[in-house]
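For reference, the structure discussed in these notes is given below.
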Amino acid sequence: MGFTTDLLTGLATRWHNAGIAVYQATGAYAANDIAIVLGVPGQNPAAQIALAVYNNGDDATLSDSTPMVQVRFRGQNADPVGADDLADAVFDDLQGFTGNLPNGIRVVFAKRNSTFPLGIDGNGRQERTDNYELTVHRPSAHRE
C-alpha cells in the first residue's frame, strides 16, 4: 500500500482497537455497526466515519510531511448527537496525539483545525466533518 492508504488504515485500526467504531479492510458491515471507511462514505450502515487526505505539505529535504485528514461523521438519524458523539470520541483520541499508529506510521503531532456541520443527508442522517492537521514522519528516496 502507499503511504496515504497506510496512514488512513492506521487511524482506522486505532479507532477500531479503541472501540470507537468498526474497521474492516474487506467484507460487509453489520447494519448496527458504526463503520470506518476510507474515502467516500457508502449508503450502509447508517452510522459511519469516512477518512480522506487532502492538501499535503512536505518538506523538500527532511522526512516531515503534514497531511490534512478529513474525518467525516454520520450518525444513525437526523439527531446531531450521533455525529457529534463520534466526533468527540475521535477528538479525545487524536487531539495532541504523538506516537505510532498500529501499523507503525509515526505521528509527530496531531491537532484539529476545524469542524463544520454538514446537515442532513438524503437519507435523513446528520453529518459533520472535522479536519485534522497531522505532522508525520514520511521518509522517501530523496529525503532524510
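The values are calculated or read from the model by the stated rules, or taken from the named source; none is laboratory data. Since the model is a prediction, treat every value here as computed from it, not as a measurement. In this analysis, Cβ positions are derived from the backbone assuming ideal geometry, glycine residues included, and neighbour counts consider all displayed protein chains. For accessibility, only protein heavy atoms count, side chains too; no ligands or nucleic acids. Shrake-Rupley method; radii C 1.70, N 1.55, O 1.52, S 1.80 Å.
State yes or no: is Ala83 closer than 25 Å to Ala31 by Cβ, among the aliphatic types (A, V, I, L, M), open to solvent by less than 40 Å² (accessible area, probe 1.4 Å) and out of contact with any Asp or Glu (no Cβ under 7 Å at 6 or more places or on another chain)?
Details: closer than 25 Å to Ala31 by Cβ: yes; among the aliphatic types (A, V, I, L, M): yes; open to solvent by less than 40 Å² (accessible area, probe 1.4 Å): yes; out of contact with any Asp or Glu (no Cβ under 7 Å at 6 or more places or on another chain): no.
For Ala83, the condition - closer than 25 Å to Ala31 by Cβ, among the aliphatic types (A, V, I, L, M), open to solvent by less than 40 Å² (accessible area, probe 1.4 Å) and out of contact with any Asp or Glu (no Cβ under 7 Å at 6 or more places or on another chain) - is not met.
Could you say whether any residue in region 123-140 is touching a helix residue (DSSP H, G or I) at 6+ places or on another chain (Cβ under 8 Å), of a type in the set (Ser, Thr, Tyr) and open to solvent by less than 40 Å² (accessible area, probe 1.4 Å)?
yes
Identify, from the list Gly42, Gly57, the residue that is out of contact with any Lys or Arg (no Cβ under 9 Å at 6 or more places or on another chain), at pLDDT below 95 and within 27 Å of Gly119 (Cβ to Cβ). Don't jump to the end; show me each part of the working.
On the way: Gly57 fails: within 27 Å of Gly119 (Cβ to Cβ).
After ruling out the rest, the residue left standing is Gly42.
Does region 79-96 contain any residue that is over 22 Å from Ala18 (Cβ atoms) and not in a strand (DSSP E or B)? First the steps, then the outcome.
Filtering region 79-96 for residues over 22 Å from Ala18 (Cβ atoms) gives 79-80.
When the remaining residues are screened for being not in a strand (DSSP E or B), the result is 79-80.
So far as region 79-96 goes, yes, one or more of its residues are over 22 Å from Ala18 (Cβ atoms) and not in a strand (DSSP E or B).
State which residue pairs qualify: first residue touching a residue at least 24 places away in the same chain (Cβ under 8 Å) and inside region 70-82, second residue open to solvent by 50 Å² or more (accessible area, probe 1.4 Å) and part of a loop (DSSP other than H, G, I, E, B) in any location, beta carbons under 7 Å apart, and separation of 6 or more residues or different chains.
These pairs meet every condition: Gly82/Gln76.
For the subset of region 10-60 comprising residues that are in a loop (DSSP other than H, G, I, E, B) and touching a Ser or Thr at 6+ places or on another chain (Cβ under 9 Å), which member is nearest to Leu134 (Cα to Cα)?
To start, the set of residues in region 10-60 that are in a loop (DSSP other than H, G, I, E, B) comprises 18-21, 24-34, 39-47, 59-60.
Subsequent filtering for residues that are touching a Ser or Thr at 6+ places or on another chain (Cβ under 9 Å) retains 25, 59.
Values: Ala25: 23, Asp59: 14 Å.
That would be Asp59.
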